[in-house]
Amino acid sequence: MADLTLIETPEPLDPASPLAVRGLTVSYGEKPALFSLDAQFPVGAMSAIVGPNGAGKSTFLKAALGLIPKVSGEVSVFGRDADRMRDRIAYVPQRASVDWDFPTTALDVVLMGLFGQVGLWRRITGQHRAHARACLARVGMEDFADRQIGQLSGGQQQRIFLARALAQDADLFLLDEPFAGVDAATEAAIIGVLKSLKAEGRSVVAVHHDLSTVAEYFDHVLLVNLRRIAEGPVATTFTADTLAEAYGGRLGAVQIDALALQGG
Amino acid sequence: MSGFLDALLFQAGYNAALVALGATLLGFAAGAGGSFLFLRKRALVSDAVAHATLPGVGIAFILMVAFGGDGRSLIGLLAGSAVSAWLGLLAVEWMVRRTRLPEDAAIGAVLSVFFGLGVVLLTVIQGMSRGRQAGLEDFLLGSTAGMLRQDAILIAVGGVLIVGAIWLLRRPMTLVAFDPAFAAARGVDVRRVDLAMMGVVLAVTVIGLKLVGLILIVALLIIPPVTARFWSERAESVVWIAGAIGGVSGWIGAAWSASAPALPTGPIIVLVATGAFAVSLMLSPARGVVAAVMARRAFQTRVHRRQGLLALARSEPIHDRLTLKILRNEGFLRPDGVATEAGQRACARIARDEQRWSVARRLHHDTGLTGRYDGLTPITDVFTPDEIAWIDSNIASEGAA
């Protein structure tokens, strides 16, 4: 019995990190979507989650938030259980998940972001409305406050979702493909807001599908395809080798070289 | 007729007034509670819940008779119906979660099985020698005839309690109906909110059994919210407008049925609500049929006016008779087909607009703005005055070159 070595209790996940996971496995049925994933995002930075379709990027965000059950692994948000940190996490889901004919105005949607403060009972006051309008102004949508959301363009809808997250005054922003299907003006407006969040010391983690803008927008990158392929600062991590490993044959060698050059 | 008016004004006696009050409150609860179901796109689940009440009514009657009662206690019958409706609801949820059946198929299966069982039980009960079976079939279509005072009070109090529960739960229910993923991320327990929503529906169904009947209670849950949607773009208003429509329908329906006791109450209440729906369908300013026809007309007129003026500006002949008619009616064209002074001014304006658009689309780099060119929208609606001035200076320099 003497030669059995005791497995040490692992170090706790870094409490400074806004979002850290270890050994995260998530499965739909018996097919894992993520397998034993480790990741640790830096505080006060903009981080991208990059990988091919079906690599588990959105699944990662949902599992980190506890929206879908995990098979194994641990998730820590600022060193604590994500369930207890809900007010400090703002989540912007994919735009497609909503019924756009729902009877609600842009301002109402942003007010939903105040749910944590208003709760079940308290009245929505003029102060709450003023705060919501200020969030709309921050994404350039103050003139659209009273529009029913179905009357807005795709880019404008995405900005409303971002304003709802802003209203929450969170420290960690999780965005699922915020630039999917939006116009150039909206992309510029959203990235401007995200950079201002970073300047305020908040952390942003976004699932991102456009490889050509990773180096321009983000500081930190997690390349994922079922497992973690690579993670670290964009400058050193977003390379031809890691891209080839994450995307396999799906990206041509020429494409990869061009992207990695931009990043390097 | 005077009987109907008396009942409407709560003047047809204490009992009738209580029944009308109960119907109003129940209608309000059904409209408001049904709104969340409608917004969550699960309206049909209420049909399964309603039909699943019937076996509970039968079993409760048999049990009460077996223990020596006459089986007429409304509370006892409603308690039985609530239990079997809950089982029906669980059956639908279970099938959707554990099998590959879609929700509509699960609803159909539960609805028919439970209703079939209920009809069998009622037939058995008709053959029983003990108990007072008369009146049980009122649970199918609803009736105010022979309703006891305590029954009416039960319905009224139940209605108030349900409305209170809806008011308390309105925020999480709206949040879950609109964006369940976001609600879950905010720490709202979506499954429990959904269950609470179903609990409200179940309570409305059970409380409304005697008055509206299980076959038509689903209409009172669905028609008011669908009607209210015609009048508001905000969820909170939809809920309370639907409550008001349901309340008025219940009130008028109960009064009507009190003045003509042979009529079943449920169908009358539902017909009143349907009347409100038909009026809204036609006349709603934003979503109604009339408004849609008028908007289409206005659009068609704009297209023909613009096409006609463009043709005039280019001195092309106009053959379309509607175009000619519109230009003449608006004073742009003389009867002999020559442009009036106003017509010439309009032509010049439109020609300049087209020229500005063509330059803007060539030179301006924001496709979000230039993409709004559709042949109809004036450029001044899209670009700011300083941008228009810039476009005009480009036109001038191109003309000079």
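The values are calculated or read from the model by the stated rules, or taken from the named source; none is laboratory data. Keep in mind it's a predicted model, so treat the numbers as computed, not measured. Reconstructed Cβ throughout: ideal geometry from the backbone, glycine too, with neighbour counts over all protein chains shown. To get the accessible areas, we keep the full protein, side chains included, count just its heavy atoms, and leave off ligands, DNA and RNA. Shrake-Rupley method; radii C 1.70, N 1.55, O 1.52, S 1.80 Å.
Okay, here's what the table says:
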item	result
Qualifying positions in the range B:19-34 - crowded, with 24+ Cβ neighbours inside 10 Å and closer than 18 Å to residue B:145 by Cβ	B:19, B:20, B:22, B:23, B:26
The lone exception for residue B:326 - which of (1) within 44 Å of the chain's Cα centre (by Cα); (2) exposed (fewer than 15 other Cβ atoms within 10 Å of the Cβ) it fails	(2)
Where a residue in the range A:236-256 is farther than 17 Å from residue A:47 by Cβ and its partner, wherever it lies, is at pLDDT 85 or above and open to solvent by 20 Å² or more (accessible area, probe 1.4 Å), with Cβ under 6 Å and at least six apart	A:245/A:229; A:256/A:240; A:256/A:244
Filter pass, residue A:119 being open to solvent by less than 40 Å² (accessible area, probe 1.4 Å), more than 10 Å from chain B (Cβ to nearest Cβ) and of a type in the set (Gly, Ala, Ser)	no
Qualifying positions in the range A:25-69 - within 14 Å of another protein chain (Cβ to nearest Cβ), small (Gly, Ala, Ser) and either on the phi < 0 side of the Ramachandran plot or surrounded by 23 or more Cβ atoms within 10 Å (Cβ to Cβ) (or both)	A:58, A:63, A:64
First in the range B:337-359 and in the same structural domain as residue B:392 (by TED's automatic domain parsing), second anywhere and among the polar types (S, T, N, Q) and surrounded by 15 or more Cβ atoms within 10 Å (Cβ to Cβ), Cβ under 9 Å, 6 or more apart	B:357/B:370; B:359/B:394
Qualifying residue in the range B:178-196 (condition: more than 14 Å from chain A (Cβ to nearest Cβ) and either in a helix (DSSP H, G or I) or of a type outside the set (Ser, Thr, Tyr) (or both))	yes
Residue match in the range B:211-227 (condition: out of contact with any Cys (no Cβ under 7 Å at 6 or more places or on another chain), surrounded by fewer than 23 Cβ atoms within 10 Å (Cβ to Cβ) and within 14 Å of chain A (Cβ to nearest Cβ))	yes
Residues of the range B:357-382 classified as open to solvent by less than 30 Å² (accessible area, probe 1.4 Å) and away from chain A (no Cβ under 14 Å), total	7
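Matching residues to (1) more than 20 Å from the chain's Cα centre (by Cα); (2) without any contact (Cβ under 8 Å) to a residue 40 or more places away in the chain; (3) open to solvent by 40 Å² or more (accessible area, probe 1.4 Å); (4) within 14 Å of chain B (Cβ to nearest Cβ):
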{"residue": "A:71", "(1), (2), (3), (4)": "yes, no, yes, no"}
{"residue": "A:84", "(1), (2), (3), (4)": "no, yes, yes, yes"}
{"residue": "A:92", "(1), (2), (3), (4)": "no, no, no, yes"}
{"residue": "A:105", "(1), (2), (3), (4)": "yes, no, no, yes"}
{"residue": "A:110", "(1), (2), (3), (4)": "no, no, no, yes"}
{"residue": "A:135", "(1), (2), (3), (4)": "no, yes, no, no"}
{"residue": "A:141", "(1), (2), (3), (4)": "yes, yes, no, no"}
{"residue": "A:164", "(1), (2), (3), (4)": "no, no, no, yes"}
{"residue": "A:170", "(1), (2), (3), (4)": "no, no, no, yes"}
